[in-house]
Amino acid sequence: MDSYSIESNKKKSRLPARLDLAQSGTGLILGLFMWVHMFLVGSIVLGKGAFNFVAKTMELSFLSDTGHGYPAAVFFAVLTVFTLFIIHALLGVRKFPISWKQHRIIVDQMQMMNHTDTNLWYIQVVTGFIMFFAGSVHLYVMLTNPGGIDPYMSADRMVSGTMWPLYFILLICVELHGSIGLYRLCMKWGWFKAGNPKETRQKLKTFKNKATIFFLSLGIIALLVFIVIGINHRSRVGERYSKLETAVERVPALVAEVKALQPSDATHQ
Ligand code: HEM
């Protein structure tokens, strides 16, 4: 073999490792982003005002005098995440079984071995495949409506726009895929070692399970809250949330408080 072909072979052999590194890197960013994303979306559980505050802060409304913010900031954030999402998915496709025969061999071997980590890998393949479609729809909607995130617009999208079934499927897939992905990354690169490898694996697996349960519960509660808001808002679809609404909603409670503070007629006389 001449020196040129040895050199080119060397270059070829480095490519899979580089692609693996790129997949791990994009996966790590997306996995951590999804945890932050769930807290931001989950703010709806604290009320419409809390979610509105988060949405406006994402639009950098604190930088503008009018308080309207810059939807372009959201657009560029979504564009960045969408790009990472596509790169990560393209890199992941390399590992997919590409024929029915390959798929059968993998499933047969999984049944034979019954090895948890291999089963987890397969869950990642399946959820990744579903997310390729469901995630793209969501990201496209966000990309084309960067100024359309507010408690009512989001709830209308879910109920009147019938997006809730897609969000439900996406939620299950993303929580399984994300936490399994982060667990596998820790195992692969040897992060958070605790005692012997068996102990590390057990501790990481416990953490992964807890993270899945926590984020899945938060996501389902948030989805239910959005659905209730969306159902109550069906007659006013497209109407945006106004900050004053929180104040208006509080009026009956304030009136009751004032009444309670006023001396009764008996004490007056
Ligand atoms: C910067 C990018 C993103 C933004 C700005 C964003 C924003 C939002 C918003 C505002 C909602 C509430 C519903 C709505 O308004 O339609 C939502 C829900 C959701 N998003 Fe995203 N998202 C982003 C990326 C992603 C990605 C990459 C995924 C997963 C592939 C994802 C998965 C979900 C899921 C599962 C829900 C439903 C949450 C629940 O049921 O509680 N999002 N997102």
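The values are calculated or read from the model by the stated rules, or taken from the named source; none is laboratory data. Everything quoted here is computed from the prediction, not taken from an experiment. Here the Cβ positions follow ideal geometry from the backbone for every residue, glycine too, while neighbour counts run over all protein chains shown. Heavy atoms of the whole protein, side chains included, go into the accessibility calculation; ligands, DNA and RNA do not. Shrake-Rupley method; radii C 1.70, N 1.55, O 1.52, S 1.80 Å.
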Hey, could you check segment 156-166 for residues that are within 30 Å of Leu120 (Cβ to Cβ) and surrounded by fewer than 19 Cβ atoms within 10 Å (Cβ to Cβ) and say which is farthest from the ligand (Cβ to nearest atom)? Pro165
Residue check: is Thr212 within 30 Å of Gly181 (Cβ to Cβ), among the hydroxyl-bearing types (Ser, Thr, Tyr), within 16 Å of the ligand (Cβ to nearest atom) and open to solvent by less than 70 Å² (accessible area, probe 1.4 Å)? yes
Identity of the residue in segment 44-79, more than 10 Å from the ligand (Cβ to nearest atom) and within 19 Å of Leu224 (Cα to Cα), that ends up surrounded by the fewest Cβ atoms within 10 Å (Cβ to Cβ): Leu46
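Condition check: within 18 Å of Ser154 (Cα to Cα), open to solvent by 80 Å² or more (accessible area, probe 1.4 Å) and within 16 Å of the ligand (Cβ to nearest atom). Does Arg240 satisfy that?
Numbers: within 18 Å of Ser154 (Cα to Cα): yes; open to solvent by 80 Å² or more (accessible area, probe 1.4 Å): yes; within 16 Å of the ligand (Cβ to nearest atom): yes.
In short, yes.
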Gln102: more than 9 Å from the ligand (Cβ to nearest atom) and closer than 29 Å to Phe207 by Cβ, yes or no? no
First in segment 30-49 and of a type in the set (Ser, Thr, Tyr), second anywhere and in a helix (DSSP H, G or I) and more than 8 Å from the ligand (Cβ to nearest atom), Cβ under 8 Å, 6 or more apart: Ser43/Ala50; Ser43/Phe51; Ser43/Phe53; Ser43/Val54
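If a residue must be in contact with a Leu (Cβ under 8 Å, 6 or more places away or on another chain) and closer than 26 Å to Lys208 by Cβ, how many such residues does segment 131-161 contain? Talk me through it step by step, then tell me what you get.
Here is the first cut: in segment 131-161, the ones in contact with a Leu (Cβ under 8 Å, 6 or more places away or on another chain) are 131, 134-135, 137-138, 143, 158.
Narrowing further to those that are closer than 26 Å to Lys208 by Cβ: 131, 134-135, 138.
Total satisfying the criteria: 4.
Does segment 80-95 hold any residues that are open to solvent by 50 Å² or more (accessible area, probe 1.4 Å) and either within 18 Å of the chain's Cα centre (by Cα) or without any contact (Cβ under 8 Å) to a residue 40 or more places away in the chain (or both), and which are they? Show your work before the answer.
Here is the first cut: in segment 80-95, the ones open to solvent by 50 Å² or more (accessible area, probe 1.4 Å) are 80, 83, 86-87, 90, 93-95.
Selection gives Thr80, Thr83, Ile86, Ile87, Leu90, Val93, Lys95.
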Assess whether Ile130 counts as being within 22 Å of Pro165 (Cβ to Cβ), open to solvent by less than 80 Å² (accessible area, probe 1.4 Å) and touching a residue at least 40 places away in the same chain (Cβ under 8 Å). yes
Of the conditions (1) touching a residue at least 12 places away in the same chain (Cβ under 8 Å); (2) open to solvent by 30 Å² or more (accessible area, probe 1.4 Å); (3) within 28 Å of Leu120 (Cβ to Cβ), Thr206 satisfies every one except a single condition; which number is it? (1)
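Name every residue in segment 230-262 that is in contact (Cβ under 8 Å) with a residue 12 or more places away in the chain and over 24 Å from Gly67 (Cα atoms), in order of residue number. Walk me through how you get there before you give the answer.
Going through segment 230-262, the residues in contact (Cβ under 8 Å) with a residue 12 or more places away in the chain turn out to be 230-231, 233-234, 236-241, 243, 245-246.
Within segment 230-262, Gly230, Ile231, His233, Arg234 meet the criteria.
Just give me the residues in segment 21-42 being of a type in the set (Gly, Ala, Ser) and within 10 Å of the ligand (Cβ to nearest atom), in sequence order. First the steps, then the outcome.
Restricting attention to segment 21-42, the residues satisfying the condition of being of a type in the set (Gly, Ala, Ser) are 22, 24-25, 27, 31, 42.
The answer is Gly42, and nothing else.
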Segment 167-184, residues that are farther than 27 Å from His233 by Cβ and open to solvent by 50 Å² or more (accessible area, probe 1.4 Å): Leu176, Arg184
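Taking segment 114-150 on its own, how many of its residues are within 13 Å of the ligand (Cβ to nearest atom) and either closer than 30 Å to Gly67 by Cβ or of a type in the set (A, V, I, L, M, F, W, C) (or both)? Talk me through it step by step, then tell me what you get.
First, pick out the residues of segment 114-150 that are within 13 Å of the ligand (Cβ to nearest atom): 127-150.
From what is left, the residues that are either closer than 30 Å to Gly67 by Cβ or of a type in the set (A, V, I, L, M, F, W, C) (or both) are 129-134, 137-150.
Qualifying residue count for the region: 20.
Being open to solvent by 40 Å² or more (accessible area, probe 1.4 Å), in contact (Cβ under 8 Å) with a residue 40 or more places away in the chain and touching a helix residue (DSSP H, G or I) at 6+ places or on another chain (Cβ under 7 Å) narrows it down to one residue among Met142, Met187, Met153; which is it?
Working: Met142 fails: open to solvent by 40 Å² or more (accessible area, probe 1.4 Å); Met153 fails: touching a helix residue (DSSP H, G or I) at 6+ places or on another chain (Cβ under 7 Å).
Testing whether each residue is open to solvent by 40 Å² or more (accessible area, probe 1.4 Å), in contact (Cβ under 8 Å) with a residue 40 or more places away in the chain and touching a helix residue (DSSP H, G or I) at 6+ places or on another chain (Cβ under 7 Å) leaves just Met187.
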